[in-house]
Amino acid sequence: MSEARTPPAAPDPAARPVSGPPESLIGQRLPRPDARAKVTGAAIYTDDIQLPGMLYGAMLRSPVAHALIKRIDASKARALPGVKCVITGQDVPAIRYGNWRLVPELQDETVLATDKVRFIGDEVAAVAAVDKDTAEAALALIEVEYQELPAVFGVDEALADGAPAVHDEHPDNLSLRRDIDYGDLEQAFAAADYVREDTFTTHAVSHAYMEPCSALARADSDGRITLWTSTQTPYYVQCLLARTMELRENDVRVIKPAVGGGFGGKMELRPWDFCAAWMARETGRPVKFTLSREEELATGRRRHPVKITSKIAFRQDGTILGKEVTAKLDGGGYNGMGPTATFLIGNFGAMLYKVPAYRYRGIYVYTNNPPAGAMRGFGAPQALFAGEMQMNKAAEELGIDPIELRLKNAMEPGDAIPGVATIGSCGFRECLEKVRELSGWDARMAAKLPGEGLGIACYSFISGGVFNWFNTRYPFSSAEVKVFDDGTAQLTTLAADIGQGSDLILCQILAEELGLKIEDIRLVTGDTAACPQSDLGTWGSRVTLMAGNAVRDAARQVKERLAEMVSLKFDLNVIHEIACGGGHVYSKSKPSRRIPLGEAVAMAQRANRGRPLKASGYYTPRDVGLVSPAFSFGAQVADVRVDLETGLPEVQRMFTVHDCGTELNPMAVEGQLEGSIQMSLGYALSEELLMDRGRTLNATLLDYKLPVAEDMPPSVSETVETYEPEGPFGAKEAGEGLACPTAPAIAHAVHQATGYFCRELPITPVKILRHLGREI
Amino acid sequence: MEPRTITLTVNGDRRCVAVRPNLTLVEALRDELHLTGTKQGCGTGDCGACTVYLDGRPVNSCLTLAVEADGRSVTTVEGLAPSGTELHPVQEAFIAHGAVQCGYCTPGMVMSSAALLSREPAADEPSVRHALAGNLCRCTGYTKIVEAVLACVGDGSCGAHGAAAAEGKA
């Protein structure tokens, strides 16, 4: 376990063993190369950077949920000694931006409010000053006159006749609709033996990444911008910052230092990115913004609250005949990534089971709540809370075991979702069988005790999105591989590690391809000016599959050149397969015909008049439907005991079986699953952004209540092995789809234990006690 | 507010720094002394990312004013390892057990874990989970962090290291 930490030995490739097949790095529990810097405090995050002359930025935010800005006067703030710059919406171009470049009318935000504020926390002005105290003092001196407007805080309220319009362009507060239709739904419901309809609501939760957002910008004398920012998508930030500042994309350089988690919350250009850059250019001094935790919780992006109505038709034997889902998303004041969420909820509503006829009607509704955004699972936790709760209720009423009902309808390899996707690898049935065994399901279901219950829920998830809402003109993932005559290699990619460990995985993939060790690979990443165009960043569990495929593409081209050198040197028959392993390039059928990799590189350079040996690799999913090139699956059982006096549900144990294709690094996969269970346990039981007319009431981590070490139940996980043909070495998603089943599995267990059937997350003691008829 | 000059021992070095009276210790460490290993995750004492030792005892440095550290000894994560090449056993264990993901909680986790092990070298799982309940993590579910700390129990070396660091002698 210590290889990655010891300094690389002097290169002596010939000394490495070559007898027998070289040990594969795939499936190894390799520790992360960045871990040493992180345990010693040496890793540099954005807020850790200080530049000479740096100014501190702060944002002025709207104190009201919906208002016209009648007047802004920043003159007193500008006059405060130590204040170097103040900007309002009047001082900067009113350019609309957003990640949905493909459909410009969906880009509904400006970096600072111009005429109107739409939520408590909407960014109104920004200050840059010599220190934090002065910046804070200046905010208090900015005079803003608001003319308050009636506001709306729920989807039904926003859709009601006569409701105030959050955006004038959408008088009905309906931002967009997404529909999905296939099969004959009327026929399905007419032929059904059993139909049920349920409505569920899910709540807003915070990503609660540990590192608050931070951005530091510097302007060069020629006006070019360098921005260090805590982002999971440096390319989007580069493009959108250029657009909002009216610069060319190449005039903006975005650097992603170490990032302290994102979970979907750091994948857009945010106002402080822009304000840091704009004010750096105005003042000629670097400007840094770092958000407070209160700003993060009270105004930051959050998981969309959704109201979902699901109607499902079964035959008596449990076969699903059709399903109709409507979803109303509370988008808050702006679209953000909402259009994608609206589409994905529809897809996740019918991705797990064979649903021959499906109708989805999703609408995205503007309200005066803080805007929602992408968050781990992105639509799937809401869709699957509804879908899996309903499956369990249907099983109960049909008199079929919930696992049996799922086995009857489970997706299988090769199944098609009409017009949407074809399932490649799929170990769903195996997951169900295994979790039944692992959790002792049958015995427990046969002997139920009051206050105790097992619950089950499942998931399927994507491995990267096929959709190009950003309308990029570059490949979705790119990688450049260079090899050197000292037997080492360099990987350059904009793929964004935000803590999940993808840097290690990509190095592992390259090292495997080239037959090198992890410590032979130097990684250059996180800089739009240094990395090949482009990589769409971290979201939708795309990095391992897409960037991994780009790395393999580049590596294979390099290997081809190296193989030519071996072929030439040993005058090999053209039928020889030539491979890389143990630091050598060799003939597979005659392994003694080998050259150290560095020597092969030197030969290739000589043959090419000194030109370095390098290759660019790319991956863009094509002809794989509308959603994703690959799908993961899993099943989870929760063992819950409910205190019937206090109503407190206590999770005794979680059982998880998942299919993520090949586990490239089991330690990394486990880390993803374990972290997902923490976040999802919070989603189920304790976490909720409590809102009162647009105001967040619990904007501290103490009151927000994400689970601590003592709250975590024991947990058992197992893997079902499949091989995903679209993924590098057979790999696909891990740890994002698992954000989905935990809440419905716990809710199902609570239902078994108490009879309380949760239709409204989170599951709280008060709700359980009310069901039990207790006085609260 | 007029600045005050304070003198404190940080990781064994005497440092003199002028601070505003309202400056917190974490701000002084990060912004004035450029010891950015200590992280601020909340500023309200809820997340534990800013955990340092003040005279050997773990504190949230976001709830401690810099002036309170005047004349006292502070150990940060940068001072926990006995040397530039040798790590504290807890740091080694965090690496080997995959207890590090985004790393933002890690300095605080490492400091709280080392403090626990120096107080309680034979800590069991419930006491590890209890000791870390003031340190929030959003990536790992705490599983591998707890495993890493438990792996240090009983190897004998941790108590001594922890105590040395806790006393500011590291």
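Assorted remarks:
- Of residues in the range A:697-713 being surrounded by fewer than 20 Cβ atoms within 10 Å (Cβ to Cβ) and more than 7 Å from chain B (Cβ to nearest Cβ), the one nearest to A:Ala638 (Cα to Cα): A:Pro713
- Being out of contact with any Asp or Glu (no Cβ under 9 Å at 6 or more places or on another chain), outside the structural domain of A:Leu523 (by TED's automatic domain parsing) and at pLDDT 95 or above holds for only one residue in A:Leu51, A:Leu68, A:Leu55, A:Leu60, and it is A:Leu51.
- The sole residue among A:Ala709, A:Ala743 that is aliphatic (A, V, I, L, M) and within 24 Å of A:Gly465 (Cβ to Cβ) is A:Ala743.
- Identity of the residue in the range A:3-30, at pLDDT below 95, buried (at least 17 other Cβ atoms within 10 Å of the Cβ) and in a loop (DSSP other than H, G, I, E, B), that ends up farthest from the other protein chains (Cβ to nearest Cβ): A:Val18
- Residues considered: A:Val466, A:Val483. Of these, the only one that is in contact (Cβ under 8 Å) with a residue 24 or more places away in the chain and either out of contact with any helix residue (DSSP H, G or I) (no Cβ under 7 Å at 6 or more places or on another chain) or open to solvent by 30 Å² or more (accessible area, probe 1.4 Å) (or both) is A:Val466.
- Just one of the listed residues (A:Val657, A:Val601) is within 27 Å of A:Val524 (Cα to Cα) and buried (at least 24 other Cβ atoms within 10 Å of the Cβ), namely A:Val601.
- Filter result for A:Gly427 (within 27 Å of A:Pro104 (Cα to Cα), more than 19 Å from the chain's Cα centre (by Cα), open to solvent by less than 10 Å² (accessible area, probe 1.4 Å) and not hydroxyl-bearing (Ser, Thr, Tyr)): no
- Scan of the range B:59-78 for residues that are more than 21 Å from A:Pro33 (Cα to Cα) and crowded, with 23+ Cβ neighbours inside 10 Å, ordered by number: B:Asn60, B:Ser61, B:Cys62, B:Ala66, B:Ala69, B:Val74, B:Thr75, B:Thr76
- Just one residue in the set B:Ala49, B:Ala81, B:Ala114 is within 16 Å of A:Thr40 (Cβ to Cβ) and in contact with a Cys (Cβ under 6 Å, 6 or more places away or on another chain); that residue is B:Ala49.
- Residue within the range A:549-566 that is under 30 Å from A:Ala410 (Cα atoms) and open to solvent by less than 40 Å² (accessible area, probe 1.4 Å) present: yes
- Any hit, the range A:189-204, residues being within 14 Å of another protein chain (Cβ to nearest Cβ) and within 30 Å of A:Thr700 (Cβ to Cβ): no
- Check on A:Ala416, surrounded by fewer than 16 Cβ atoms within 10 Å (Cβ to Cβ) and within 22 Å of A:Val720 (Cβ to Cβ): yes
- Every condition in (1) modelled with pLDDT of 95 or more; (2) more than 14 Å from chain A (Cβ to nearest Cβ) is met by B:Gly156 except one, and the failing one is (1).
- The residues of the range A:580-594 that are over 19 Å from A:Leu510 (Cα atoms), touching a residue at least 24 places away in the same chain (Cβ under 8 Å) and not in a loop (DSSP other than H, G, I, E, B) amount to a single one, A:Arg594.
- Considered as a group, the residues in the range B:80-91 that are of a type outside the set (Val, Ile, Thr) and either within 8 Å of chain A (Cβ to nearest Cβ) or open to solvent by less than 10 Å² (accessible area, probe 1.4 Å) (or both) include one that is farthest from B:Val52 (Cα to Cα), and that residue is B:Leu87.
- The residues listed here are A:Gln636, A:Gln652; of these, the one that is in a strand (DSSP E or B) and in contact with a Cys (Cβ under 8 Å, 6 or more places away or on another chain) is A:Gln636.
- Residue count for the range A:43-81 under the criterion of being more than 14 Å from chain B (Cβ to nearest Cβ), surrounded by 19 or more Cβ atoms within 10 Å (Cβ to Cβ) and charged (D, E, K, R): the result is 1.
- Flag if B:Asp46 is within 11 Å of chain A (Cβ to nearest Cβ) and more than 19 Å from B:Ala148 (Cα to Cα): yes
- Once the range A:270-297 is narrowed to residues that are open to solvent by 30 Å² or more (accessible area, probe 1.4 Å) and acidic (Asp, Glu), the residue that is nearest to A:Gln50 (Cα to Cα) is A:Glu282.
- The number of residues in the range B:96-114 being in contact (Cβ under 8 Å) with a residue 60 or more places away in the chain and either open to solvent by less than 10 Å² (accessible area, probe 1.4 Å) or over 8 Å from the mean Cα position of the chain (by Cα) (or both) comes to 6.
- Qualifying residue in the range A:172-189 (condition: free of Cβ contacts under 8 Å to residues at least 12 places away in the same chain and aliphatic (A, V, I, L, M)): no
- Residues in the range A:666-687 that are open to solvent by less than 10 Å² (accessible area, probe 1.4 Å) and more than 9 Å from chain B (Cβ to nearest Cβ): A:Ser680, A:Gly682, A:Tyr683, A:Ala684, A:Glu687.
The values are calculated or read from the model by the stated rules, or taken from the named source; none is laboratory data. Since we're looking at a predicted model, the values are computed, not measured. Here Cβ is always computed from backbone atoms with ideal geometry, including for glycine, and neighbour counts include all displayed protein chains. Accessible surface is based on the protein model in full, side chains and every heavy atom, while ligands, DNA and RNA are left aside. Shrake-Rupley method; radii C 1.70, N 1.55, O 1.52, S 1.80 Å.
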